[in-house]
Structures are given as structure tokens and as C-alpha cells.
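Asker: Attaching a single structure in C-alpha cells format; questions to follow.
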Amino acid sequence: MELFNRRTAMRGALAIAAIPLVPGVASADIGALAFVQKWAGTAGLKSFVGIEDDRANSHPSATHIFAESDGQYRFVMHKSDRDGSDRQRQEVRAIQTGSTRHDMKKGETWRFNYQMYIPSSLKGTTSFTHIFQVKHTAVASPVVTMSLFRSGSTETVEMRLFGAGQAKLGSTPLAPLRNKWIDVEIEIKVADSGSLRYSLKDGGTTVVNASRSGFDTWLGGDQAHPKWGIYRSLGDSAQLQDTYLLLRNMKAYRNE
């Protein structure tokens, strides 16, 4: 019996060793969705197709979006900044490696991993304060957003699903996540009947791991793309301060 167990264990080990390793695919993905890394935000602002730094020229003496060391990015928002009469925007749009764009095509599943730092000065509001979006070119509505929201004195981080009537997903208190690096994972299938999963981790603790499927994540056009930064309404003016958002270790993967 002991000899049999040893042989069985050896065969199992050989079988595992025989599984081919796919470049760019984490071993945990083998046997599930196989994600291949397509992008890393390590080329400074050249990592992004568009830099929407004060595109309305409301504060021309300031730079609002910076590439800091080792793939870290800072988005600065002043109370005086404007992107139209009722909102503010400092964002980067779409991803690229060199001159090659990495767009999200219909039917594809993408995963975005990064870390974010939300300071005490970046508040949730009763209107919109988005810190991540998926958009289609030439389509006004976002597909999904990660937003900072306020109800009374309670602030939350949540996903909003615009293809599902702005349904909320994975709402969690903002206060415990401030002033520290938080791990973010967003996995989205862009399709007429698509899906979204996102997680937030505070160190070794998973704070959010929420998902929804069967709602519209393809709102038009021929591609979708991510956006990061601060995009907020002026509607809840009491909560608006000079502030910033930090992002680092940004990566994108596509299911192959």
C-alpha cells in the first residue's frame, strides 16, 4: 500500500509538472480564466492614450497629473478647477504600450489590478465623485464607475453599473480605507450581457469581493477603455477641498 501511495503521488506530481506555463499568466488562473498581461503603467504618462489635465484651461498655471517614481501617479484637484460649469475633471484615458493601444473589444474579458491611496481630503459626495470609469468613445454615459458617495455623514466606495440603471455594487465604508494603500482588482466582460467583479483589499483583508452578471456593458462604438483620476460634480460644494489621488502598480490583463 505504501508503494502504491508513493507511485500515485509521483504520478500526480509529474502530471502537475507537465502543465505548460503560459507567459504572463498567473498559476492561479490555469484551469479557470487564463489572463495574459497586456499592459503595465510603467512608462510614465506615455502609458496612457489621453491626459485630461485641465482640458478647459481653468487653471493654466498648475500641473494636475504627474508621473512619479516607479510607476506611481498623482492626480491633483483644486477647488477652483473646472471642466464645464458644474464639474471638475483630472483623468487619464485609455492605455497603450508605445504606440499600441490596448482597447477592450466586444466579448472580451479584462482585468485591471492596481493600488490606490485616498487621502482624508478626497470626500464622498451626494452627487458624483468618480475615481475609475469604463467608457466607450463617443458615448456620453460611462459603462461602470467606481465612486465615492455620501449619505448623511456616511461615506462609501462603490461601483455603479450604468447599464443596469446605475445599480450599486459592493458598497463599503470609505473611512477605514483612507490614508493607506488599498489593492484594487476589477474584472469586466464587455458584452450586451456582460459581467463585472471587483475587489478591494486592505493589506491581507478582503473588504469587498462583489460581482454581477447579465447586464449591459456594451453601450456602443467599437471599443471600450478605462479611465482613472478624479471626476466630480460641484453639486455637494461643502465636501469639496483641494485634494489628490495616488495610483501605482497598474497592470491590465486580457482573457485569452
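Asker: Under 17 Å from a label point 7 Å along Cα→Cβ of Ser211: give me every residue in region 137-172 with its amide N that close.
Answerer: Within reach of a label on Ser211, which here means backbone N under 17 Å from a point 7 Å along Cα→Cβ, region 137-172 contributes 159, 169-171.
Asker: If you don't mind, there's one more thing I want to ask. Tell me the mean residue ellipticity at 222 nm calculated for the chain from its helices only (DSSP H runs of n ≥ 4, each -39500 (n - 2.57), averaged over every residue, nearest 500).
Answerer: Working: 1 runs with 16 residues, N = 256.
Here the helix-only value at 222 nm equals -2000 deg cm²/dmol.
Asker: Okay, next question. Using a 10 angstrom cutoff on alpha carbons, build the Gaussian network for the chain and name the most mobile of Ser47, Ser153, Ser233.
Answerer: Most flexible of the set in this elastic network: Ser153.
Asker: Let me ask something else about it. At 0.36 nm per residue, and after removing the present C-alpha to C-alpha distance, how many nm does the segment from Ala175 to Ala62 gain when stretched out fully?
Answerer: On the way: separation 113, 0.36 × 113 = 40.68 nm, distance 2.91 nm.
So the extension gain works out to 37.8 nm.
Asker: If you take mean projected area of the Cα convex hull in nm² from the coordinates, which of [x] 17.6; [y] 14.8; [z] 16.9 do you get?
Answerer: Checking each listed value against the structure points to [z].
Asker: What full-extension length gain, to one decimal in nm, is calculated for Asp70 and Asp86 as 0.36 nm per residue of separation minus the Cα-Cα distance?
Answerer: Values: separation 16, 0.36 × 16 = 5.76 nm, distance 3.47 nm.
Using 0.36 nm per residue and subtracting the Cα-Cα distance, I get 2.3 nm.
Asker: Fewest first, what order do Tyr244, Tyr73 take by the number of other Cβ atoms within 10 Å? Mind dumping the intermediate values first?
Answerer: Numbers: Tyr244 18, Tyr73 23.
The most exposed by this proxy come first: Tyr244, Tyr73.
Asker: Using the Cα centre of region 23-255 as the reference point, and only Cβ charges (+1 on K/R, -1 on D/E), how large is the resulting charge dipole? Debye, rounded to the nearest 20. Working shown, then result.
Answerer: Details: 29 positive and 23 negative charges, 27 e Å.
Using Cβ point charges on Lys, Arg, Asp and Glu, region 23-255 gives about 120 debye.
Asker: State, to one decimal in nm, how far the label point of Ser237 lies from the label point of Val36, with both points 7 Å from Cα in the Cβ direction.
Answerer: Distance between the two pseudo-spin positions: 5.3 nm.
Each value in this text was obtained by applying a stated rule to the coordinates, not by laboratory testing. Since this is a predicted model, take the numbers as computed values, not measurements. All Cβ positions, even for glycine, are placed from backbone atoms using ideal geometry, and neighbour counts span all protein chains on display.
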